[in-house]
1. Quick one: pull the percentage of alpha-carbon pairs in the stretch A:165-222 with a separation above 16 Å.
2. So which lysines pass the test for A:K205, namely a Cα distance under 27 Å, with those fewer than 8 places away in the same chain ruled out?
3. With N set to the number of residues, divide the alpha-carbon radius of gyration of the protein assembly as shown by 2.2 N^0.38 Å and report two decimals.
4. Principal axes first, then extents: for the Cα atoms of the stretch B:21-123, list largest minus smallest coordinate on each axis, whole Å, largest first.
5. Loop sites only, by DSSP: take the GluC sites (Glu not before Pro) in chain A that have at most 11 other C-beta atoms within 10 Å and name the longest stretch containing none of them.
6. In whole Å, what is the distance between the alpha-carbon centres of the stretch A:12-29 and the stretch B:235-254?
7. If you stretched the chain out fully between A:L111 and A:F275, how much longer would it get, using 0.36 nm times the residue separation minus the C-alpha to C-alpha distance?
8. Return the distance in nm (one decimal) between the two label points of a simple spin-label model at B:L98 and A:T171, each offset 7 Å from Cα along Cα→Cβ.
Amino acid sequence: MTSDTPEKSLSLKQRFDRWMIKHGRVLVIGIPYVWLFLFFLVPFLIVLKISFAMAEYAQPPYSSLFDWIEEGVTVTLNFGNYLFLLSDNLYATAYLNSIRIAAISTVITLLIGYPMAYGIARARGSVRSILLMLVILPFWTSFLIRVYAWIGILDREGLINAFLLWTGIITEPLIMRQTEGAVFVGIVYTYLPFMILPLYSTLEKMDVSLIEAALDLGCKPWKAFLKVTLPLSMPGVLAGSLLVFIPSVGEFVIPELLGGPNTLMIGRTLWNEFFANRDWPIASAVAIAMLVFLVVPIMWFQHIQTKQEERQS
Amino acid sequence: MSGKRSTFLLSALVFGFAFLYVPILLVMIYSFNEGKLVTVWTGFSTKWYVSLFSNDGMIDAAWNSLRIGVMSATLALALGTPAGLVMSRFGRFKGRTLFSGMIAAPLVMPEVITGLSLLLLFVTLEQMVGWPAGRGISTITIAHTTFCAAYVAVVVQSRLSGMDTSVEEAAMDLGAKPAKIFFVITLPMILPALLAGWLLSFTLSLDDLVIASFVAGPGSTTLPMKVFSSVRLGVSPEINALATLIILAVSAMILISSLLILRSERNRSRASSTEEA
Amino acid sequence: MLVPEAVLDRAHEDVHKTQPWNNPDAVPFIRFENVTKKFGDFYAVDDVSLDIYRHELFALLGGSGCGKTTLLRMLAGFEEPTSGKIYIDGVDMAGVPPYERPTNMMFQSYALFPHMNVEQNVAFGLLQDGVSRSETKQLVADMLALVQMSKFAKRKPHQLSGGQRQRVALARSLVKRPKVLLLDEPLGALDKKLREQTQFELVNIQEKVGTTFVMVTHDQEEAMTMASRIAVMNEGVINQTGTPFELYEYPNSRYTANFLGQVNLVEGVLIDDDEKYAVIKSDEGGCEIYIDHAVQGHRGMTFWAALRPERLRLTKEPPENIKYNCVSGKVEEIGYLGGISTYHVRLASGKRIKVTEPNSTRQIEPRYTWEDPVWVSWEAGAASVLNK
Ligand SMILES: Nc1ncnc2c1ncn2[C@@H]1O[C@H](COP(=O)(O)OP(=O)(O)OP(=O)(O)O)[C@@H](O)[C@H]1O
Ligand SMILES: [Mg+2]
């Protein structure tokens with residue numbers, strides 16, 4: 001073995017090889033680890049810290065938790081921000097509203113996306129790949145511009161109103177933008193591809209003969225769908241729903257551009273606290289609350305989900 | 001019976017794709033409208049494209065976005081690839097749970113939280129060590145790299161776990177050391193996934209408004225920030241023109257890449273069918 | 001051991017050379033010493049000790065999941081034993097990584113590098129060792145000629161058929177002249193005809209290069225045709241090791257007897273024994289079984305007589321000596337396979353006995369038909385006696 005060659009006779013390359021074998025593993029783990037630790041984990045600790053501070057007119061605009069006096073450090077924790085979140089029901093409303101809007105939009109997306117995914121999965125080969133490309137294409141174009149497209153349609157001076165006024169069905173323009181309905185439209189529109197793709201991939205993998213077997217055994221087509229297709233596509237339904245629900249809960253752009261001033265969503269609230277009110281500690285407290293009541297449950301759910309899938313396979 | 005079903009599916013597809021594409025098509029059509037209003041068509045004109053290209057603020061923002069996109073996608077690839085490798089090939093090690101958590105979390109983290117937390121980090125760092133002095137392109141790049149790296153890691157991990165480990169074991173059996181195996185065997189095999197990861201990161205970075213708004217500084221306005229501030233006020237024909245350009249560029253890219261994929265697949269199947277004959 | 005002295009007693013110089021396992025002075029080339037491998041709480045390999053000699057073509061045979069691959073992977077260095085030691089050519093392999101072991105492996109899935117052509121695949125291992133380009137080129141060309149793949153040198157793996165891939169994988173693992181070549185189900189992915197043809201080619205190549213082969217298979221026929229010796233594994237344990245002949249004629253357990261070829265197992269109790277013979281009384285068979293050698297055990301102990309179907313005789317008339325080694329029954333099923341016919345005979349006890357007879361002459365009609373009363377008989381030397 002090479003291990004008993006004396007150190008001196010090793011070439012530089014051999015030394016490097018030996019060093020890599022010994023430390024390469026640590027290096028490969030270490031670099032991404034350190035980066036994510038520094039730029040992902042540490043920031044949350046800072047958010048946590050600042051959520052206990054008080055807002056001040058200063059640069060940066062919050063008080064310091066640590067006071068350096070002669071005997072040492074004193075720590076002043078200020079729970080005021082959290083108490084404020086509890087006392088003002090704006091925040092609870094915004095939180096519940098976000099969940100409600102995201103959930104309703106997810107269901108609508110599912111209702112539109114499922115038949116589409118099913119239709120694509122049953123299409124002939126070449127048609128199928130074209131349809132699939134048409135689903136993927138909007139995903140690569142700008143998200144902001146897709147939301148923007150609806151402004152021109154739903155606005156007071158927008159296309160729908162212009163058309164309806166022209167036909168004479170209405171005499172006064174309808175208010176469609178700056179309503180909750182517009183937010184639903186925006187979310188469904190922008191996240192529809194995220195629903196269709198996982199649904200498609202489970203439906204496409206599904207064996208057609210299973211449905212044929214059900215029909216052969218005397219099932220009516222809709223019953224075969226309910227008893228065979230739907231249960232088997234559940235993983236796709238779940239994956240797609242999560243892909244829609246998770247980003248829409250924290251959505252800022254859509255309620256800001258399409259929603260009205262009182263379409264409260266938690267992401268928008270945080271943004272306003274930070275940019276409009278310049279209240280960094282409150283914004284931090286909102287962030288921590290979102291983390292605890294939204295992100296942690298979602299991650300926990302996903303964890304359970306993957307565990308279950310692993311066990312099944 | 002099956003006729004009824006396929007009618008339903010067909011109308012679902014027609015309605016669904018109309019829903020997806022009519023708004024985009026309208027934007028594209030009205031980018032050639034002479035008038036400023038969306039509602040009235042006053043004649044064909046390309047003047048908004050001219051005015052878009054003479055809008056220095058917009059051009060600067062686009063340039064910033066492209067630079068940030070390329071840098072953060074490349075950095076994300078450099079960080080995300082080893083992370084994906086670690087997740088799928090390194091087995092257990094101390095701190096693995098935290099590591100996998102830090103890779104999974106950015107994918108479900110609301111953008112407002114990521115943006116806020118990174119801004120607070122940069123402010124704190126500046127106070128403590130004087131770096132980064134002010135915010136700008138570099139802070140946006142760091143922010144984008146962080147969440148894009150998580151996406152790359154997931155893409156690489158799923159590609160690797162779908163790949164038979166015996167190929168890498170064969171290389172080791174034939175005398176190749178771990179680092180060599182990675183560069184000579186694993187890397188070429190996951191190249192398509194790496195390319196996909198890079199493109200995904202680039203797109204995510206180009207598209208991001210929220211995080212960039214938090215960590216940007218003066219002089220580092222990105223394209224989405226610029227678009228957002230102008231769109232807030234309502235429809236703008238210049239944005240229509242910009243949207244049209246973006247959509248055309250993306251469509252062309254997707255068309256080309258799918259043609260390439262199609263051709264290589266066809267070559268492959270032809271090669272194997274001549275073999276069987 | 002149930003192997004009679006006579007079989008072992010043929011030891012002379014020649015045998016020591018061709019059968020080193022019968023030579024007490026021979027030094028094993030590969031040695032497993034009480035090797036155990038646990039995955040969690042599960043024993044994949046349980047306290048295995050095994051010696052393999054130079055130039056052998058050694059087969060590990062056993063059912064699915066019995067730990068064959070695990071044993072092989074420990075030899076290659078992909079898994080470390082939980083306990084026990086592995087020696088190759090006298091060197092303890094503990095802690096030696098796969099890329100420093102004198103072994104090469106041919107993978108069950110072949111594991112060819114998909115982005116390299118045939119030539120590059122075969123050259124890969126040599127280049128790792130710093131062999132010069134020109135020498136590599138020569139060695140690769142020779143090896144491709146040996147496996148008859150020279151024509152396909154520039155092809156990528158996905159442009160090859162299953163049998164061609166198998167050859168490339170073999171060439172790639174052989175070209176480094178390993179001390180030991182490990183083969184995990186080398187022919188598993190081939191169809192039956194190609195498989196039989198390749199078995200002989202593989203043996204020829206092994207004889208040509210003289211490398212020690214350790215091969216995993218779950219196909220007993222394959223193991224019997226190819227191997228110098230076979231280890232029969234079951235649930236992480238080696239049941240029996242021996243030449244194909246020894247395992248077939250002198251199995252040590254019902255598991256081995258069942259695994260290699262077909263066998264009728266008849267349960268009975270030892271009622272009489274001596275240095276020269278033994279008699280087992282079987283209620284299941286409804287007869288007494290006379291064996292022409294001694295068995296280890298005492299009277300009253302349960303034994304199983306293993307009767308190979310081709311050693312049984314089928315007659316319409318009762319045989320002359322009706323006292324021992326014959327039973328009567330009715331033909332229940334007939335399978336005509338052309339060269340041979342198989343008959344299932346139902347005994348009075350309900351037990352079914354399988355008999356095969358060669359169809360050595362052309363007949364107008366089958367000799368026996370369903371429900372025919374028949375007698376099944378055998379020679380005193382036909383049965384082997386098993387105690388587990
Ligand atoms: N990495 C592993 N982790 C956990 N269990 C394992 C692992 N590898 C193998 N096993 C288990 O060890 C047992 C033996 O596996 P092994 O692959 O050696 O079987 P085998 O004899 O080669 O079977 P086959 O003929 O199906 O290839 C199996 O029950 C398998 O489930
Ligand atoms: Mg195996």
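1. Percentage above 16 Å: 70.
2. A:K220, A:K223, A:K227, A:K307, B:K4
3. 1.25
4. 67, 33, 24
5. A:72-313
6. 48 Å
7. 55.4 nm
8. My value for the distance between the label points is 7.1 nm.
The values are calculated or read from the model by the stated rules, or taken from the named source; none is laboratory data. Just so it is clear, the structure is predicted and the values come from calculations on it, not from any experiment. Positions of Cβ are backbone-derived with ideal geometry, glycine not excepted, and every protein chain shown enters the neighbour counts. SASA here: full protein model, heavy atoms, side chains in, ligands and nucleic acids out. Shrake-Rupley method; radii C 1.70, N 1.55, O 1.52, S 1.80 Å.
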